[in-house]
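Novice: If you scroll down you'll find the structure; I have some questions about it.
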Amino acid sequence: MKLWTLLAATATAAVLMAAPAAAQTRIALVVKSLGNGFFDAAAKGAQEAAAELGDVELIYTGPTAATAEAQIEVVNSLIAQQVDAIAISANDPDALVPVLQRAQQRGIKVISWDSGVAPEGRQIHLNPSDVGLIGETIVKLAADYLPEGGDVAILSAASTATNQNAWIEAAKAAIPEKFPNINLVSVVYGDDDSVKSTEEARGLIAAYPDLKAIIAPTTVGVVAAAQVVTDQGLIGKINVTGLALPSEFKQFIDNGASQAVALWNPIDLGYSAVFLANALVEGQEAAPGATFSIGKVGEVTLDENNSAAMAAPFQFDASNIEEFSKIYGSFLARRHGAGTPPSLPPLKGEG
Amino acid sequence: MTDMSSAGRQLPDRLDNPLKSAVLSWESLLVLVALAIFVGNSFASPYFLNPWSLSDLTFNFTEKGLIALAMALVIITGEIDLSVASIIALASTLMGFALHTFGVPTPVLVLVGVLTGLGCGAFNGFLVTVLKLPSIVVTIGTMSLFRGLAYIILGDRSYGGYPRDFAWFGQGYIGDSVISFELVLFAVAAVLFYVLLHHTNFGRRVFAIGNNATAAQFSGVRVDRIKFVLFCLTGLMSGLAAVLLTARLGSTRPSIAQGFELDVITMVVLGGVSILGGAGSIIGVVIAALIIGLVTFGLGLLNVPGIVMSIFTGSLLIVVIALPILYKMWKERRA
């Protein structure tokens, strides 16, 4: 009977897989769905952190379908295994709250990272970055390659886009203090539309002949601007930078239209999540104002919602774009259906 | 005079030995499979044989199982309902809507969920029995329609803030025990459906329709009326599942219960209900639900990636369906 063979095989496999866990601390990294390059990269970082911390066993798991219901089943099985901590990137900020509260009642430490859970369902939330750091980074990306200073312009998404407006405000605040020789001449809006972004980029180049850099804190705008610079033969004269997905921006780093762009780094994110979870297991209290070490990435301080920002966006240039374009390639394929223009991955999962 | 009557010439009311047929039945095979998986799980994970683990396990199948009970009857009549997951989405959304717009208390909330389900089921039933449209086409349509309505009402927002006593439906336990309310509800529903299908005239008619709807019609069975009732029943159970799932999640999003319909149909088919109609049993469906719960939870305990789990359930389904066919072929070749 085939069924019996199958069952026997499964049982044997199951027994073999259930080798006793020797590590003292078991931390589960729960992702939105498996088979996603972004999360595989995060798991790589988490694995690194576990090795660095020593007696930590990492369980990398998640459902096949990115649904809250499937993730709840995963969390249920982790509760049954009495893991010490769960670090989750949630498919739904609300639906996972009851099951994560139950986990906490049974003594399991819970943090969320990347895509957050409502505060009552977790002890800490780790954001990849924060507004101030992003604002500063996008100016820095331009300033690093303008030792003499010069004119720069910002090509944003819609004029109503909350994220981008906050970043631009932060950028404007950072310029006089940290980048005094950078002169921001204009902010235009391409509405995250390729055609409109292209027109706006052309307009900027025509209006400001001394323009040295275009900063586009949007994945659509940055590609459009780099394409315009390439088409008009301005490579080397105007540097395009901003927040870009390595997978779709690689060609412009390769052809020189851009020196460097930035975005959140999934490897560091997984790494930091494990450090935070481990700190909680070791007895550190999560409270507003508390400071946690996140290993080589630095340290984070919790805000009034017990959420923290990991670091400034991670820089991609000629030295690492190859590796990260692969990581982000499969990440995007999951988050966005084919044919829709990708926007930035959500920065704050709690919105 | 020899006592012929007391010697008792037994006249069999069936051709095969009832004991033998019970042992060789689909249900006993399923019980064995369930036991094997249970024992396997106990050996494979030290965390399995724990009252809380076993209780958590039941949440993996109770909501889908409730729908599967009604779906079994629909499939036995030769129809199908693919819209059940979307009914959950719409019912859950309307519950959230009622809560946030009118601030209704818990009993009304439950009523909204169940009645929405019933209404959706009646709509399916109307299209199938009055307009005579094929159920697979109708429910593919309403699958998009019901969830689409949920998306129109909610968009990318979510409803939360359900009252604490409402949460009990999805997260509550009976007294201080580890037995959840969901499990009790499933058990009660299973008994009711068992009686309905196997011990009432209604149930006999369901089988009659599945075997030959035309013959049933000419024998005085009101085929359309029974089918209509069954679609209503499936809608009702989906509404009930929506109440439980919403209470368990504590929130509503239009994407709730995505893909549940396939899991429900898997349970029904694994339970031995013929996908062509005319045969099946509630006991089989209940054990199949249990098996799905045991497999998913057991593999979860071992942190087997979800994709392997899907492969396992898929293979189980194919093997289990292929087995009787292979057995029959083998028997025919021997004969």
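Each reported figure results from applying straightforward, stated rules to the coordinates on display, with no laboratory input. Computed from a prediction, not measured in an experiment: that's the story for all the values here. Here the Cβ positions follow ideal geometry from the backbone for every residue, glycine too, while neighbour counts run over all protein chains shown.
Novice: FRET efficiency for B:ARG333 and B:PHE38, Cβ-Cβ distance as r, R0 = 25 Å, nearest 0.05? Each step should come with its number before you reach the end.
Specialist: Values: r = 35 Å, r/R0 = 1.39.
After rounding to 0.05, the efficiency reads 0.10.
Novice: For peptide B:291-299, how many partner chain Cβ atoms fall within 10 Å of a residue's Cβ, on average?
Specialist: Average neighbour count from other chains, rounded to a whole number: 2.
Novice: Still on this structure, please answer the following. Tell me, what ³J(HN,Hα) does each residue in the stretch B:297-305 have, in order and in whole Hz, if you take phi through Karplus 6.51 cos²θ - 1.76 cosθ + 1.60 with θ = phi - 60° and put x for Gly and Pro?
Specialist: 6, x, 5, x, 4, 8, 6, 6, x
Novice: Would you mind checking the tilt of helix B:260-270 against the longest principal axis of the Cα atoms of chain B, expressed as 0 to 90 degrees and rounded to 10?
Specialist: 10
Novice: Name the long-range amide H neighbours of A:SER186: under 5 Å, sequence gap of 5 or more, or other chain; modelled H, no Pro or chain starts.
Specialist: Close amide H contacts, sequence-distant or interchain: A:ILE154.
Novice: Could you list which residues have their amide H under 5 Å from that of A:ASN239, counting only those 5 or more apart in sequence or on another chain, with H placed in the peptide plane?
Specialist: For A:ASN239, whose amide H was placed from the backbone, the distant partners under 5 Å are A:ALA213, A:ILE214.
Novice: Treating the angle as unsigned and between 0 and 90°, give the value, to the nearest 10°, between the Cα long axis of helix A:2-17 and the longest Cα principal axis of chain A.
Specialist: Tilt relative to chain A: about 80 degrees.
Novice: Could you work out, for the stretch A:240-335, what percent of all Cα-Cα pairs fall into each 10 Å distance bin, beginning at 0 Å and stopping at the bin that holds the largest distance?
Specialist: The calculated distribution, bin by bin, is 15, 37, 26, 18, 3, 0.
Novice: How large is ³J(HN,Hα), in whole Hz, for each residue of the stretch A:286-300 in order, when computed from phi with the Karplus curve 6.51 cos²θ - 1.76 cosθ + 1.60 and θ = phi - 60°, using x for Gly and Pro?
Specialist: 8, 8, x, x, 5, 10, 10, 7, 10, x, 5, 6, x, 9, 10
Novice: Which of these, B:ALA216, B:ALA72, B:ALA247, has the largest mean-square fluctuation under a Gaussian network model of chain B (Cα springs below 10 Å)?
Specialist: B:ALA216
Novice: Still on this structure, please answer the following. What is the calculated FRET efficiency for A:LYS44 to B:SER315, with r their C-beta to C-beta distance and R₀ = 35 Å, to the nearest 0.05? Mind dumping the intermediate values first?
Specialist: On the way: r = 30 Å, r/R0 = 0.87.
Efficiency for this residue pair is about 0.70.
Novice: What is the Cα coordinate range of the stretch A:193-233 on the first, second and third principal axes, sorted by size from largest, in whole angstrom?
Specialist: The Cα atoms of the stretch A:193-233 stretch 24, 17, 16 Å along the principal axes, largest first.
Novice: Next up: Put +1 on the Cβ of each Lys and Arg and -1 on the Cβ of each Asp and Glu in the stretch B:48-323; which of B:ASN303, B:ALA98, B:GLN258 then has its Cα farthest toward the positive end of the dipole?
Specialist: It is B:ALA98, whose Cα lies furthest towards the positive end.
Novice: Let me ask something else. Taking +1 at the Cβ of each Lys and Arg and -1 at the Cβ of each Asp and Glu, which of B:SER219, B:LEU57, B:GLY280 sits farthest along the dipole of the stretch B:48-323 towards its positive end, judged by Cα position relative to the Cα centre?
Specialist: Of the listed residues, the answer is B:SER219.
Novice: When DSSP beta bridges are limited to those with both residues in the protein assembly as shown, what percentage is antiparallel, rounded to the nearest 5?
Specialist: Within the protein assembly as shown, antiparallel bridges account for around 20 percent of the total.
Novice: Using alpha carbons only, what's the Rg to Rh ratio of the protein assembly as shown with Rh from Kirkwood?
Specialist: Checking Rg against Rh, the ratio lands at 1.06.
Novice: Dividing the Cα radius of gyration by the Kirkwood radius, what Rg/Rh value follows for chain A?
Specialist: 1.04
Novice: To continue, here is another question. In nm, to one decimal, how far is the modelled label at B:ILE179 from the one at A:THR291, with both set 7 Å along Cα→Cβ?
Specialist: 5.5
Novice: At q = 0.10, 0.21 Å⁻¹, what log₁₀ I(q)/I(0) does a Debye calculation on the Cα points of the stretch B:27-158 give, no solvent, two decimals?
Specialist: Here the Debye-derived log intensity ratios amount to -0.50, -1.16.
Novice: Could you tell me the calculated FRET efficiency between A:ASP303 and A:GLN82, based on Cβ-Cβ distance and R0 = 41 angstrom, to the nearest 0.05?
Specialist: The calculated FRET efficiency here is 0.85.
Novice: Here's a follow-up. Quick one: what are the phi-derived ³J(HN,Hα) couplings along the stretch B:96-102, Karplus 6.51/-1.76/1.60 with θ = phi - 60°, whole Hz, x for glycine and proline?
Specialist: Here the 3J(HN,Hα) series is x, 4, 4, 5, 7, 8, 10 Hz.
Novice: Taking every pair of alpha-carbon atoms in the stretch B:135-235, give the share separated by more than 19 Å as a whole percent.
Specialist: Tail fraction, whole percent: 66.
Novice: May I ask you to work out the translational diffusion coefficient for the stretch B:116-159 at 20 °C, viscosity 1.002 mPa s, via Stokes-Einstein with Rh from the Kirkwood sum over Cα pairs, reported in whole µm²/s?
Specialist: Working: Rh = 11.3 Å.
Once the numbers are plugged in, D ends up at 190 µm²/s.
Novice: Okay, moving on. Could you give log10 I(q)/I(0) at q = 0.12, 0.16 Å⁻¹ for the stretch B:48-323, computed by the Debye formula over C-alpha point scatterers of equal weight, without solvent?
Specialist: Log10 I(q)/I(0), no solvent term: -0.73, -1.26.
Novice: Additional query: Taking the radius of gyration and the Kirkwood hydrodynamic radius from Cα positions alone, what is the Rg/Rh ratio for the stretch B:196-302, to two decimal places?
Specialist: Checking Rg against Rh, the ratio lands at 1.05.
Novice: Ok, one more. Give the angle, between 0 and 90 degrees and rounded to the nearest 10, that separates the Cα long axis of helix A:131-143 from the longest principal axis of the Cα atoms of chain A.
Specialist: The helix A:131-143 is inclined about 50 degrees to chain A.
Novice: Let me ask something else. Mind scanning A:LYS140/A:LYS172; B:LYS132/B:LYS227; B:LYS20/B:LYS331; A:LYS44/A:LYS296; A:LYS109/A:LYS296; A:LYS172/A:LYS212 and naming the pairs with a C-alpha gap bigger than 20 Å?
Specialist: Checking Cα-Cα distances, A:LYS109/A:LYS296 exceed 20 Å.
Novice: Would you please give the residues with an amide H less than 5 Å from that of A:PHE316, counting only those at least 5 places away or on a separate chain, with H modeled from the backbone geometry?
Specialist: Amide H neighbours of A:PHE316, under 5 Å, 5+ apart: A:VAL261, A:ALA262, A:LEU263.
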